[in-house]
Amino acid sequence: MHRYRIRTARLIVVGLFISFSTQAQKIELGATLGGMLCKGDVNPSLNPRFISPGIGGFFRYNVSRSFSLRAGGSIGSFHGEDRFSSDPLQQARNYSYKTNIQELYIDFEYNFLNYKPLPKAKNWTPYIFGGIGLCKFNNDVIRAGGVVTYPLGIGVKYEIKRPWSIGLEFGTRFTRNDYLDGLGDATFGKALTKTTQGNPALSDSYTYTAITLSYTFYKIVCP
């Protein structure tokens, strides 16, 4: 009876170890480094002149070869200046801003090619992602928190040397907020004129272009 219990316990331990090892192949941790740009009243288009640094990190769970769930966050800033615009109205306004921002997000990824956890697989794939997030930001006009964002973007990743992968990603965070650049329908602390008002028909958004580096836990070392 005692030997039976020992054998049963061993089988349970081995089964758990195999299960944890299988799950570990689906777990990925990574970091991002890149630049942020805001699209709003001051920057109606994405002008590389105004790109500002951003950094972040993420946890990815590879549900299958094609689908992944990711949770992460990043911090950074963006800025803009009217004086570089060719629009006479913006030149007359001569407004400038800098916004600091922090974000958290959860998104869903679809890999166009199979990302296989096999020893000799040449893993690389383009992918798309979409999800939901929250951000908080501050500039000279407003400090806001709990702003809902809708991340949407594309990327490509390549497993350079197992378990390390690198990638390049471009994503836009759409919002329903008009004060990422400090100019809304009624900018605080200023008289309501044509040059101190934003376009109420347009909400601000921001982009994050980043290089990614990640580590996949392909196995668990038995102690």
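The values are calculated or read from the model by the stated rules, or taken from the named source; none is laboratory data. All values reported here derive from a predicted model rather than from experimental measurement. Cβ placement follows ideal geometry from the backbone for every residue including glycine, while neighbour counts extend to all protein chains displayed. The accessibility values were calculated without ligands, DNA or RNA, using every heavy atom of the protein model including side chains. Shrake-Rupley method; radii C 1.70, N 1.55, O 1.52, S 1.80 Å.
Take segment 133-147 and flag every residue that is without any contact (Cβ under 8 Å) to a residue 40 or more places away in the chain and surrounded by 13 or more Cβ atoms within 10 Å (Cβ to Cβ). Before the answer, list the steps.
Of segment 133-147, the ones without any contact (Cβ under 8 Å) to a residue 40 or more places away in the chain are 134, 136, 138, 143-147.
Passing the criteria: Leu134, Lys136, Asn138, Ala144, Val147.
For segment 96-106, the criterion of being open to solvent by 50 Å² or more (accessible area, probe 1.4 Å), at pLDDT below 95 and not β-branched (Val, Ile, Thr) is satisfied by at least one residue. Looking across segment 151-163 at every residue that is open to solvent by 80 Å² or more (accessible area, probe 1.4 Å) and within 14 Å of the chain's Cα centre (by Cα), the one that is farthest from Ile106 (Cα to Cα) is identified as Ile154.
Among residues of segment 93-110 that are farther than 12 Å from Ser74 by Cβ and without any contact (Cβ under 8 Å) to a residue 24 or more places away in the chain, those with a beta-carbon under 7 Å from a residue that is charged (D, E, K, R) and buried (at least 20 other Cβ atoms within 10 Å of the Cβ) at least six positions away or on a different chain give the pairs Asn94/Asp82. Residues in segment 69-86 that are exposed (fewer than 15 other Cβ atoms within 10 Å of the Cβ) and touching a residue at least 40 places away in the same chain (Cβ under 8 Å): 0 in all. For segment 146-156, indicate whether the set of residues that are closer than 21 Å to Ser45 by Cβ and touching a Cys at 6+ places or on another chain (Cβ under 7 Å) is non-empty. Looking through segment 146-156, at least one residue is closer than 21 Å to Ser45 by Cβ and touching a Cys at 6+ places or on another chain (Cβ under 7 Å). Of all residues in segment 133-172, those that are at pLDDT 95 or above, over 14 Å from Ser205 (Cβ atoms) and among the β-branched types (Val, Ile, Thr) total 3. Taking segment 164-177, which residues are over 20 Å from Phe67 (Cβ atoms) and either β-branched (Val, Ile, Thr) or open to solvent by less than 20 Å² (accessible area, probe 1.4 Å) (or both)? Ile166, Thr172, Arg173, Thr175 - these are the residues of segment 164-177 that are over 20 Å from Phe67 (Cβ atoms) and either β-branched (Val, Ile, Thr) or open to solvent by less than 20 Å² (accessible area, probe 1.4 Å) (or both). The residue list Lys122, Lys39 contains one member that is charged (D, E, K, R) and surrounded by 15 or more Cβ atoms within 10 Å (Cβ to Cβ), which is Lys39.
I'd like to know if segment 52-68 contains one or more residues that are out of contact with any strand residue (DSSP E or B) (no Cβ under 9 Å at 6 or more places or on another chain), at pLDDT 90 or above, buried (at least 18 other Cβ atoms within 10 Å of the Cβ) and within 30 Å of Asp204 (Cα to Cα). No; the residues of segment 52-68 include none that is out of contact with any strand residue (DSSP E or B) (no Cβ under 9 Å at 6 or more places or on another chain), at pLDDT 90 or above, buried (at least 18 other Cβ atoms within 10 Å of the Cβ) and within 30 Å of Asp204 (Cα to Cα).
Among the candidates Phe170, Phe174, which residue alone is under 22 Å from Gly76 (Cβ atoms), among the aromatic types (Phe, Trp, Tyr) and in contact with a Gly (Cβ under 7 Å, 6 or more places away or on another chain)? Going through Phe170, Phe174 in turn, the sole match is Phe170.
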